Amino acid sequence: MAEIKVPELAESITEGTIAQWLKQLGDRVEKGEYIVELETDKVNVEVISEEAGFIQELKAEEGDTVQVGQVIAVVSEGGEASTPANTEKTEAPKQEEKVAAQPQSTPETDKKDRPIASPAARKLAREKGIDLSAVSPVDPMGRVRVQDVNAHTTQPKQEVQASKSAPSAPVSQEDGKPVEIVRMSRRRQTIAKRLLEVKQNTAMLTTFNEIDMTAVMELRKRKKDKFQEEHDGTRLGFMSFFTKAVVAALKKYPAVNSEIQGNELIVKKYYDIGIAVSTDEGLVVPVVRDSDRKNFAEIEADIAGFAKKARENKLSLGDLQGGTFTITNGGTFGSLFSTPIINGTQVGILGMHTIQKRPVAVGDNIEIRPMMYVALSYDHRVIDGAEAVGFLVTVKKLLENPEDLLLEA
């Protein structure tokens, strides 16, 4: 017998949820074959079998919360399935009858019966009630991905499956008006829990300023074609400017690049900047490591890579761990003004917003300029108001004079 245990996921993750069993009781499984998909706080993980054999026992059901190290399945080693330990003798003939038919299954037929698909594609298919075997993959190897599921048109015959697998169902209140009860995903529950913890356990305050984006936009316009040509197609966006400005401000105000541990303040001497990215499952924050050592092109390439991985639900736990400060850009959705919430144990987060042309005073004249409101939310236990304002003013000055920003880089 071989036990299938919940693997070590990450230092901060101790449990997960059984999202889907990819193999069922009595199914043949090959060594290294995926048998279950786990949903964690940050990413979905597929667990493999270390031995070939048959699924002898499933110790958890879909939707159950399981701990790291917990045994969730048992595989009988060898070519034949054996009778489960908890099966009564009177049931043995039925088990033998099932086992007798089972060895006829081969890896080839298993693959035909269960399409190869990414965890994200399986999850999306369940939510939409789509039979994966009916989806036509673009991948020449036949692996179904999220974009294949999105491109598939749900057939009427799938409505029955949808009613069984959908996580929510319409109900009616006493007044007769229809509502829908939707179970929150583990990731959404975690986001809600942690945001609430931050609000309750920090003395969070937000200060605001506005940035005239004229100089950055003109510089970007002049340099973007040459930049893209010289850096293998990497585009010059605004995020690299903001990341570099934040790093310079963190060096000037090091307390903003810290965290509280008990009665001690841990001031980070490195600059791993988290960039908030929106996904269907909620906000995730992949981290651009050593941002102070990277040039604009390297930062832009990292961010573009994270965005692509987020869309395809391929972000790893390593991509999301750590981070000393976070930047979030609500402007991509048209947000003009907001107060971002601090990320985890960090003590500061910068909120960017949409660029909007407004009349502003330039000397003694009124001009129309592309302006952006920025917000710094910070933990007042660590950062005084003067430091917070100084930090934000530093970011503002560097972005309004990008030549100075290049010197800082």
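The values are calculated or read from the model by the stated rules, or taken from the named source; none is laboratory data. A quick note: this is a predicted structure, and the numbers were derived from the prediction, not measured. Don't worry about glycine lacking a Cβ; one is built from the backbone with ideal geometry, like all the others, and counts go over all protein chains shown. Ligands, DNA and RNA are excluded from the accessible area calculation, which covers all protein heavy atoms including side chains. Shrake-Rupley method; radii C 1.70, N 1.55, O 1.52, S 1.80 Å.
Data overview
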item: Nonlocal amide H pairs with Ala117, under 5 Å, H built at 1.01 Å; result: Val144
item: Residue-count net charge about Ile341 - beta-carbon cut-off 10 Å; Lys, Arg +1, Asp, Glu -1; result: +2
item: Contact order normalised by residue count of the stretch 326-409, Cα under 8 Å, 6+ apart, percent; result: 24 percent
item: Contact order normalised by residue count of the stretch 1-81, Cα under 8 Å, 6+ apart, percent; result: 40 percent
item: Value of relative contact order over the stretch 224-382, rounded to a whole percent, pairs C-alpha under 8 Å and six or more apart; result: 19 percent
item: The stretch 226-301 versus the stretch 49-70: alpha-carbon centroid distance in Å; result: 39 Å
item: Sulfur and carbon atoms: percent of accessible area, the stretch 180-324 [1.4 Å]; result: 48 percent
item: Over 25 Å between alpha carbons, listed pairs Lys23/Lys193; Lys268/Lys294; Lys59/Lys309; Lys223/Lys294; result: Lys23/Lys193; Lys59/Lys309
item: Net +/- balance of residues flanking Gly363 in space, Cβ distance below 15 Å, scoring K and R +1, D and E -1; result: -3
item: Cβ-based charge dipole, the stretch 24-64, positive-most Cα from Leu58, Thr40, Val29; result: Val29
item: Summed side-chain charge close to Ser49 - residues other than Ser49 whose Cβ falls under 12 Å, Lys, Arg +1, Asp, Glu -1; result: -4
item: Segment Lys252-Lys223, extension gain: residue separation times 0.36 nm, minus the distance between their alpha carbons; result: 7.6 nm
item: From phi via Karplus (6.51, -1.76, 1.60), per-residue ³J(HN,Hα) for the stretch 386-403 in Hz, x at Gly/Pro; result: 4, 5, 4, 5, x, 4, 5, 5, 4, 4, 4, 5, 5, 6, 7, 9, x, 5
item: Rounded to whole Hz, the Karplus (6.51, -1.76, 1.60) HN-Hα couplings of the stretch 376-382, x for glycine and proline; result: 10, 8, 8, 8, 5, 5, 10
